[in-house]
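See below for the structure under consideration.
The values are calculated or read from the model by the stated rules, or taken from the named source; none is laboratory data. Model, not experiment: these values are computed from the prediction. With ideal geometry, Cβ positions are generated from the backbone for all residues, glycine too; neighbour counts draw on all protein chains shown. For the accessible areas, the whole protein counts, side chains as well, though only heavy atoms, and no ligand, DNA or RNA atoms are used. Shrake-Rupley method; radii C 1.70, N 1.55, O 1.52, S 1.80 Å.
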Amino acid sequence: MTKLIVCTTPSCVFCHALMDWLEKKDIDFEEYDMSDEKLRAKIEKKLGRTVSSVPLTLIGDEAIEGFNRPAIKRALKGLTK
């Protein structure tokens, strides 16, 4: 089961920077390409709102917009407790 999902688009520079950072930290994640309309609709239904920007990081029940390292680190610590 994937604990961390990164919602991206192919041309998003911040998405790629986030994924590079996660890989350097040896943090497993699954990438969801939000340019896939069916996948986007599924994520939006799960969140109960429209996704207006990427990257969007899903960790447990938390959705973190942008490349927000402190928020991602806090959410990851919450998973290990």
Legend entry - Karplus 3J(HN,Hα) series, Hz, for segment 27-35 with 6.51 cos²θ - 1.76 cosθ + 1.60 (x for Gly, Pro): 9, 6, 8, 10, 9, 10, 7, 6, 6
Legend entry - Per-residue ³J(HN,Hα) for segment 61-69, Karplus 6.51 cos²θ - 1.76 cosθ + 1.60, θ = phi - 60°, Hz, x for Gly and Pro: 9, 9, 10, 10, 8, x, 8, 9, 4
Legend entry - Average accessible surface area per residue within segment 3-62, 1.4 Å rolling probe, Å²: 64 Å²
Inset, instruction - Taking Cβ-Cβ under 4.7 Å as the only way to count a partner, pick out the unpartnered cysteines of the chain. - result: Cys7
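When only Cα pairs under 8 Å and 6 or more residues apart are kept, what is the percent relative contact order across the chain?
Values: 104 pairs, mean separation 27.6, N = 81.
Worked out over the chain, it gives 34 percent.
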Legend entry - Globularity ratio of the chain, using Cα Rg and 2.2 N^0.38 Å: 1.02
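How big is the antiparallel share of DSSP beta bridges in the chain, given as a percent to the nearest 5?
On the way: 8 of 12 bridges.
Close to 65 percent.
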Legend entry - Lysine pairs in the chain with Cα atoms under 22 Å, if 8 or more residues apart or on separate chains: 16
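With a 1.4 Å probe and all protein chains left in place, how much of the accessible area of the chain comes from carbon and sulfur atoms, in whole percent?
Details: 2750 of 5450 Å².
Roughly 50 percent of what the probe reaches on the chain is carbon or sulfur.
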